[in-house]
Amino acid sequence: AQTVTQSQPEMSVQEAETVTLSCTYDTSESNYYLFWYKQPPSRQMILVIRQEAYKQQNATENRFSVNFQKAAKSFSLKISDSQLGDTAMYFCAFMNGGGATNKLIFGTGTLLAVQP
Amino acid sequence: ETGVTQSPTHLIKTRGQQVTLRCSSQSGHNTVSWYQQALGQGPQFIFQYYREEENGRGNFPPRFSGLQFPNYSSELNVNALELDDSALYLCASSKDRLPSSSGNTIYFGEGSWLTVV
């Protein structure tokens, strides 16, 4: 069974600074995808970034980038130039690429507060 | 805006009652999944519907059931409500049921808050 662990329940960062959120996962699969989702107070899950396990290059989306360490089963999210609108709950999620469904397995989340 | 709409947004039910939650998937999406998110937790997969058939199920009892209609909208039904069923229920839609490297992004609705008293 796959598991996703986020060991930082809460984090705080000053506006314009950089912050890194941690995520580790456990799987015996070789084909999988990893995601970071943002959940603001509106509660709607918004995809931040996606990483395919077979790609060695770390994914980037504007101010968001990941550090994907496959051997260590680590998948951290770096947010550069933090903005007040980045304040939200961030979830790391795993998807088995060979599964019969596209179900996501989520971690418990990290609450990020961006301070002015 | 993800194009996934859920109703109702909030509701309160009494233990033992039944509830139906509704979801309209994004246009062109034939796959709908439901997740339960308890307070302070990450979402947990309940089940997935693909072209009107249940295509996979998480670790939830049979009193959690669902439907998908020809227009790919979906319902989640929960019978014999228990206090622990109090949670945010999220609907997610995608173009297809299978994982893929691109083009099959999962879009979530804003959820239905269920409180069981």
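Counting charges near B:PHE47 (Lys, Arg +1; Asp, Glu -1) among other residues having Cβ under 12 Å from its Cβ returns a value of 0. With the cut-off at 24 Å, tell me which of the pairs A:LYS38/A:LYS70; A:LYS103/B:LYS13; A:LYS73/B:LYS95; A:LYS38/A:LYS78; B:LYS13/B:LYS95 have Cα atoms farther apart than that. Beyond 24 Å between Cα atoms: A:LYS103/B:LYS13; A:LYS73/B:LYS95; B:LYS13/B:LYS95. Both the radius of gyration and Dmax for region A:34-75 are 11.6, 36 Å, in that order, over alpha-carbon atoms.
Computed packing ranks the peptides B:87-95, A:59-67 as B:87-95, A:59-67, most packed first, by mean other Cβ atoms within 10 Å.
Which value in Å does the Kirkwood hydrodynamic radius of chain A take, with 1/r averaged over all unlike C-alpha pairs and then inverted? One decimal place: 14.3 Å for the Kirkwood radius. Taking amide H as placed 1.01 Å from N in the peptide plane, the amide H of B:PHE47 sits under 5 Å from that of B:TRP34, B:GLY58, each at least 5 places away or on another chain.
For B:ALA80 and B:TRP113, FRET efficiency with R0 = 22 Å and r from the beta-carbon atoms, rounded to 0.05? The pair B:TRP113/B:ALA80 has a calculated efficiency of 0.65. The alpha carbons of chain B give a radius of gyration and a Dmax of 13.5, 43 Å, in that order.
Measuring r between the beta carbons of A:GLN57 and B:SER65 and using R0 = 41 Å, the FRET efficiency lands at 0.45.
Under 16 Å from a point 7 Å along the Cα-to-Cβ line of A:ASP26: which residues of region A:62-88 have their amide N that close? Residues passing the 16 Å test: A:72-75.
Shown in residue order for region A:46-58 are the 3J(HN,Hα) couplings computed by the Karplus curve 6.51 cos²θ - 1.76 cosθ + 1.60 at θ = phi - 60°: 10, 5, 9, 7, 10, 10, 8, 5, 7, 8, 6, 6, 6 Hz (x for Gly and Pro). Coupling constants for region B:5-17 follow from the phi torsions by the Karplus curve (6.51 cos²θ - 1.76 cosθ + 1.60, θ = phi - 60°), and in residue order they are 10, 10, 8, x, 7, 9, 7, 10, 10, 9, 3, x, 6 Hz; glycine and proline get x. In plain terms, the chain from A:GLN115 to A:GLN8 could stretch by 36.8 nm, reckoned as 0.36 nm per residue minus the Cα-Cα distance. Measuring between their Cα centroids, region B:3-65 and region A:5-84 lie 25 Å from each other.
According to the Cα-based calculation, Rg over Rh for the protein assembly as shown is 0.97, with Rh computed by the Kirkwood formula.
Laboratory data are not the source of any read-out in this text; all were calculated from the coordinates shown. These numbers were taken from a predicted model, which means no experiment stands behind them. Virtual Cβ from ideal backbone geometry, glycine too; neighbours counted across all protein chains shown.
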